[in-house]
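Below is one structure, written out as structure tokens; the observations come after it.
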């Protein structure tokens, strides 16, 4: 919301709470009362109105675009309703739980000239530009290997991430980040070469996993992810003469000044502090560009479908 307020082109209208028949999982009277209380608190802090159902929000003629942050298994159902109503869709990652459903959403959006943006905010951080420029300039020599790790300690058992019916699982949650970053660094020809998802007896979703990606030049990225792990949010780029290491590559908040560790040959490691960057703001701004510009919109469509297909490869469905 602070980032949204910085964007002059948008007017915040309100927040919606699910009606009793709109939530995909268990939804009791007590849960709805709690959600209404949270929504009222949101209104008290940020203004706008509280819609008593998702449908009321979608059907409001004063609303042009909708941010959809629901659990992954609900993205297709409600994303489709948003697009059918002629609204632009700012969609939390992952876009859906399958490449087929994602492609259906994109087809519908393209047919109606509507923007869809999948909110992987980290891709807009200036530290990625710095890292990519250093790689391109040969600061670490020739590229040898990329390693990306993203995982966090176990959350509460009732967290949607551990619920299969709501689209839980480490791949859809943490794994998507590692795939997205690897694709940015490896380029458009990046593909999955090996993968594994791991399970425990406690939940019926994947709890941690790993994968390898490779591009047409033979460069490789090793990915690891999980949601019952010691916290990691790391990128290491290993070259023939040096290395780059970043430890907040995927989750740097707006006021955080990231540090990159750079080592060249036998020289001591250098700690290089970069400027803070507001990826929330940049992501919202990009959504506006997709609304205004057809070329940007088509690029967003393509990126979303590619991401969904790579995730599907790890699932083993295609």
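Side notes on the structure shown:
- Filter result for the condition that a residue is in the same structural domain as residue 152 (by TED's automatic domain parsing) and under 30 Å from residue 197 (Cβ atoms), over 263, 270, 232: 232
- Unique match (being assigned to a strand (DSSP E or B), surrounded by fewer than 16 Cβ atoms within 10 Å (Cβ to Cβ) and out of contact with any helix residue (DSSP H, G or I) (no Cβ under 6 Å at 6 or more places or on another chain)) among 212, 224: 212
- Residue match in the range 94-103 (condition: buried (at least 22 other Cβ atoms within 10 Å of the Cβ), at pLDDT 95 or above, outside the structural domain of residue 79 (by TED's automatic domain parsing) and closer than 30 Å to residue 260 by Cα): no
- Filter result for residue 133 (out of contact with any helix residue (DSSP H, G or I) (no Cβ under 8 Å at 6 or more places or on another chain), more than 26 Å from residue 315 (Cβ to Cβ) and in contact (Cβ under 8 Å) with a residue 24 or more places away in the chain): no
- Only one entry in 240, 300 is touching a residue at least 24 places away in the same chain (Cβ under 8 Å) and within 21 Å of the chain's Cα centre (by Cα), namely 300.
- Residue-level check: of (1) modelled with pLDDT under 95; (2) over 19 Å from residue 145 (Cβ atoms), residue 299 misses just (1).
- Here is the figure for the range 11-47: residues that are in contact with a strand residue (DSSP E or B) (Cβ under 8 Å, 6 or more places away or on another chain) and surrounded by 15 or more Cβ atoms within 10 Å (Cβ to Cβ) total 7.
The values are calculated or read from the model by the stated rules, or taken from the named source; none is laboratory data. Quantities reported herein were computed from a predicted structural model and do not represent experimental measurements. Quick reminder, even Gly has a Cβ in these numbers, built from the backbone with ideal geometry, and neighbours come from all protein chains shown.
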